[in-house]
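Beneath this line is the structure, given in structure tokens, with notes to follow.
The values are calculated or read from the model by the stated rules, or taken from the named source; none is laboratory data. Computed from a predicted structure; not experimentally measured. Cβ coordinates were reconstructed from backbone atoms using ideal geometry, including for glycine residues, and neighbour counts include every protein chain displayed. With ligands, DNA and RNA removed, areas are computed over all heavy atoms of the protein, side chains included. Shrake-Rupley method; radii C 1.70, N 1.55, O 1.52, S 1.80 Å.
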Amino acid sequence: MHLRFVFFFSILLPWHALAQFTYEMDQSIPVEVEGKLLKMPWAGGLNSAQINTMDLDGDGIEDLVVFDRASNKISTFLNQENEYVYHPEYELLFPKEISRWMLLRDYNCDGKKDIFFPISNGIAVYKNTTPQEGNLTWERLKFFRSTSGLYSEILLTMGFSLTNIALGTDDIPSIVDMDGDGDLDILHMRFVNPFSVQYHKNMSMEKYGIRDSLVFERIDQRWGDFEECSCGEFAFGEACSASGGRTNHNVGKAMLALDVNGDGNKDLLFTEQDCPALYLLENEGTTENAKMTKADLFPIDKPAFMPLFPAPFFEDVDFDGVPDLLVSPALYGRTNLNNPFTHSVWLYKNTGTAQAPNFTFVQKDFLQNEMIEVGDYAYPAFVDADGDGDQDLFIGNYANAQFRGVIAHYENVGTASMPSFKLVTDDYLGLSILSRFNMRPQFVDITGDGNLDLTFLLTDGLNLTTNLLYIAGSKPNAISFDNLQVESVNFQIGTNENILLADINQDGLVDILLGRSTGALEYWRNTGPRGTLNFTLQDNAFMGLSSSLTRTNLNASIADLDNDGREDLLIGDQSGNITIYGDFRNNMSNPHPSTEIILDPFSQTYTTKNLGARIKPTIVNLFNSDMPAIAVGTVTGGMVILKNDGGQQLPNDPEIVIYPNPLTSHEKLSVLADRGLLMQLFTLTGQKLTEPLFISGKHPYQLSLSGMAPGMYIARFNFGGKIYGRKFVIY
């Protein structure tokens, strides 16, 4: 290697920049949709939103906390001048173990919301112990089980004996003050036959005279005197079997006790997992001796009707001091082919009072209308589609409202350093015509002709097979198609499996990293020859990633993340966390995974973070930095941007070196640039010798000069519409 190249390489890759896998969540990139700038485009989307309010930042104003069942993720929004602004830093202040559902309630009347959430055998509680003018802190409560002298981490209730308050796996209880004494009571569906509502009265006031305890007594196992038999079918005053019905035990139930008609007694909003409707069971008795006789769709003017399981929440989200009604499916994931997760948070404004509400429908996409939101399973890919030097955004999804997987195209109308995206179409190339679902795009030269192709995975709805397809491109650094002929590769995978196309062994052929549904990562080598696609299983546990129950839905991406000239492997999985394997090719036998990579601004440390479950991370240089960003697609149909907080701005003009120079025609010309660009070779008289060749940033590219006569030549480089030349000599 020539000494001048060693010197250049050392400048290009400074030592202080090595191994900096540290990121902060970035909200700075504007996104425009249909002429409107989104207020929080990078908030990650929502599918199954459970709406809660609490004061997050100690300013005395209620903010918004959303737990999404589909991603098991908390999203936090500050109330800033009566507008919600996404602030993900507060998410890290909540316990990581919360799953399935979360309700924020102030059980001890200290003005601070506490956390109620499910564990395997009941309901657990975190007490809010936040100090004045301090960050959120929590204490896991334990409850004295007097019969055994031991303590329990779940809520207990006294019936015939002291026992835990047990719920079905997918049930959401109602935790409200039922009797008006100021302490919190609990309604939930009885876990065993018959399926009736149990009422657990909080005895804090009765026993201690103050509202600061969680001491329950089960006073009714058939509150309201009814049973729910199946969707929309109830038995009033009798058993389901007596009315000719059968109880559906196998699905979740969600309920909310609420005085709908202002008579001072609690009514019940009710839904179940197999049901598209929300029902009102009006209480014709009293709260203590409730009696329901009929079930009506609710609200009356515009019933909350979703494909499945519309769960209700009662919170003030329009800043008028009166709680509103919000409805969102309480689903773990897609269970119906036509679930429109792009519009899955319905808002009904309360134009009445908290004691006598009157609900008026406002919108189906509360919060979602200010985010990038493609439904579910957002699968991003970036490419300079128009050759203007910046990265454009393409997002595949599971399915649109017509149950067809499509690609949304957002053009970068900013610059390489200051990106700004604008939605061009939500059906790029009209690929909805293929009538398949589960769209996952990638731009890569799969055909080996030097041009970028559009590759994508799609699942056939008839036989549920997932195929690798592609449309051949006709340009090396921009997306151009001479025709839209869809070609199929002889490689099928499962619906829940993922593929990365990349040259793993650096032989010039595109290989496959396959994330199996078992949690294993497989390496399939392309055995060639060039221009063909023949994949052979090389390693069924690449980087030691074998089958795992806790690490499924693997999605991979490869690039040089830390500016050391060696590519790194990035993995996203079911947990929503990211793992980075630095310099993976040289560390295959002894990998060193990095997981604590996201900045916690409160502690000024780096940590793991659930970014949205079943994530698809991809590496892209959005800020013209020597350390690229990570763009993450979430299961909830949105996007998250992680910006490397140690990166340095690249100069406006690319740094390019060619070596050796001079050289013989028997040697290969090597090219190294600090960013991706196009290269062509010309004679001094302007005769074109090669078609445009794409040179990846920070990776030496070697070109054979065999057959070229001695003389001086010009390597011409194109970046961002500008031309740069380098001379070299063959002797």
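Among (1) modelled with pLDDT of 95 or more; (2) crowded, with 21+ Cβ neighbours inside 10 Å; (3) under 20 Å from the mean Cα position of the chain (by Cα), which single condition is ASP324 missing?
For ASP324, the failing item is (3).
Is there any pair with a first residue in the range 93-109 that is closer than 19 Å to SER120 by Cα and open to solvent by 30 Å² or more (accessible area, probe 1.4 Å) and a second that is of a type in the set (Gly, Ala, Ser) and modelled with pLDDT under 95 whose Cβ atoms are under 8 Å apart and which are 6 or more apart or on different chains, and what are they?
Every condition considered, no pair remains.
One line per residue, one yes/no per condition, for (1) polar (S, T, N, Q); (2) more than 20 Å from GLY45 (Cα to Cα); (3) in contact with an Asp or Glu (Cβ under 8 Å, 6 or more places away or on another chain):
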{"site": "GLN368", "(1), (2), (3)": "yes, no, no"}
{"site": "ALA378", "(1), (2), (3)": "no, no, no"}
{"site": "ALA381", "(1), (2), (3)": "no, no, no"}
{"site": "ASP390", "(1), (2), (3)": "no, yes, yes"}
{"site": "PHE394", "(1), (2), (3)": "no, no, no"}
{"site": "TYR410", "(1), (2), (3)": "no, no, yes"}
{"site": "SER417", "(1), (2), (3)": "yes, yes, no"}
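Could you give every pair whose Cβ atoms fall below 7 Å, whose first residue belongs to the range 690-712 and is more than 21 Å from LEU672 (Cβ to Cβ), and whose second residue is part of a strand (DSSP E or B), counting only separations of at least 6 or pairs across chains?
From the range 690-712, the pairs are PRO710/ILE730; GLY711/ILE730.
Of the residues in the range 346-377, how many are of a type in the set (Gly, Ala, Ser) and under 31 Å from the mean Cα position of the chain (by Cα)? I'd like the intermediate steps shown before the answer.
Of all residues in the range 346-377, those of a type in the set (Gly, Ala, Ser) come to 352, 354, 356, 375.
Checking which are under 31 Å from the mean Cα position of the chain (by Cα) leaves us with 375.
Count: 1.
So, in the range 277-304, how many residues would count as being of a type outside the set (Val, Ile, Thr) and under 19 Å from THR351 (Cα atoms)?
Of the residues in the range 277-304, the ones of a type outside the set (Val, Ile, Thr) are 277-285, 288-292, 294-299, 301-304.
Keeping just the survivors that are under 19 Å from THR351 (Cα atoms) gives 280, 298-299, 301-304.
Number of matching residues: 7.
Right, LYS688: of a type in the set (D, E, K, R), open to solvent by 10 Å² or more (accessible area, probe 1.4 Å) and touching a helix residue (DSSP H, G or I) at 6+ places or on another chain (Cβ under 9 Å) or not? Working first, answer last.
On the way: of a type in the set (D, E, K, R): yes; open to solvent by 10 Å² or more (accessible area, probe 1.4 Å): yes; touching a helix residue (DSSP H, G or I) at 6+ places or on another chain (Cβ under 9 Å): no.
No: the conditions fail for LYS688.
So, in the range 505-515, of the ones that are modelled with pLDDT of 95 or more and out of contact with any helix residue (DSSP H, G or I) (no Cβ under 8 Å at 6 or more places or on another chain), which residue ends up surrounded by the most Cβ atoms within 10 Å (Cβ to Cβ)?
Filtering the range 505-515 for residues modelled with pLDDT of 95 or more gives 510-515.
If we keep only those that are out of contact with any helix residue (DSSP H, G or I) (no Cβ under 8 Å at 6 or more places or on another chain) as well, we get 510-512, 514-515.
Details: VAL510: 20, ASP511: 22, ILE512: 23, LEU514: 23, GLY515: 26.
Among those residues, the one meeting the criterion is GLY515.
Would you tally the residues in the range 172-194 being within 19 Å of CYS229 (Cβ to Cβ) and open to solvent by 10 Å² or more (accessible area, probe 1.4 Å)? It would help to see each step written out before you state the result.
Of the range 172-194, the ones within 19 Å of CYS229 (Cβ to Cβ) are 187-194.
Of the ones still in play, those that are also open to solvent by 10 Å² or more (accessible area, probe 1.4 Å) are 190-194.
Number of matching residues: 5.
I'd like to verify a number: residues in the range 123-154 that are open to solvent by less than 10 Å² (accessible area, probe 1.4 Å), modelled with pLDDT of 95 or more and either of a type in the set (A, V, I, L, M) or on the phi > 0 side of the Ramachandran plot (or both), how many?
Residues that pass the stated criteria total 3.
Which members of the range 291-317 meet the condition of being of a type outside the set (S, T, N, Q), modelled with pLDDT of 95 or more, out of contact with any Leu (no Cβ under 8 Å at 6 or more places or on another chain) and assigned to a loop (DSSP other than H, G, I, E, B)?
Across the range 291-317, the qualifying residues are LYS302, ASP316.
Going by what's in this entry, would PRO357 be described as out of contact with any Gly (no Cβ under 9 Å at 6 or more places or on another chain) and either in contact (Cβ under 8 Å) with a residue 40 or more places away in the chain or surrounded by fewer than 22 Cβ atoms within 10 Å (Cβ to Cβ) (or both)? Spell out how you get there, then give the answer.
Details: out of contact with any Gly (no Cβ under 9 Å at 6 or more places or on another chain): no; either in contact (Cβ under 8 Å) with a residue 40 or more places away in the chain or surrounded by fewer than 22 Cβ atoms within 10 Å (Cβ to Cβ) (or both): yes.
No; evaluated as a whole, the condition is false for this residue.
Kindly evaluate PHE717 against the criterion of being of a type outside the set (D, E, K, R), under 18 Å from PRO476 (Cα atoms) and open to solvent by 20 Å² or more (accessible area, probe 1.4 Å).
Values: of a type outside the set (D, E, K, R): yes; under 18 Å from PRO476 (Cα atoms): yes; open to solvent by 20 Å² or more (accessible area, probe 1.4 Å): no.
In short, no.
So which residues in the range 518-542 are open to solvent by less than 30 Å² (accessible area, probe 1.4 Å) and either without any contact (Cβ under 8 Å) to a residue 12 or more places away in the chain or closer than 19 Å to PRO591 by Cβ (or both), if there are any at all?
Pass one, the range 518-542, residues open to solvent by less than 30 Å² (accessible area, probe 1.4 Å): 519-523, 526, 528, 541-542.
GLY519, ALA520, LEU521, GLU522, TYR523, ALA541, PHE542, listed by residue number.
Looking at SER435 and the list (1) on the phi > 0 side of the Ramachandran plot; (2) at pLDDT below 95; (3) surrounded by fewer than 17 Cβ atoms within 10 Å (Cβ to Cβ), which single condition is not satisfied?
Unmet condition: (2).
Please work out which one of (1) closer than 23 Å to ARG69 by Cβ; (2) free of Cβ contacts under 8 Å to residues at least 60 places away in the same chain; (3) open to solvent by 20 Å² or more (accessible area, probe 1.4 Å) is the condition LEU347 fails and give its number.
Every listed condition holds for LEU347 apart from (3).
Going through VAL66, VAL85 one at a time, which residue ends up being within 23 Å of ALA378 (Cα to Cα), outside any loop (DSSP other than H, G, I, E, B), open to solvent by 20 Å² or more (accessible area, probe 1.4 Å) and modelled with pLDDT of 95 or more? Steps first, please.
Numbers: VAL66 fails: open to solvent by 20 Å² or more (accessible area, probe 1.4 Å).
One residue alone meets the criteria, VAL85.
Pairs please, first residue from the range 406-432 and closer than 17 Å to ALA478 by Cα and open to solvent by 20 Å² or more (accessible area, probe 1.4 Å), second anywhere and among the hydroxyl-bearing types (Ser, Thr, Tyr) and in a strand (DSSP E or B), Cβ atoms under 6 Å, 6+ apart in sequence or on different chains.
Matching pairs, first to second residue: HIS409/THR425.
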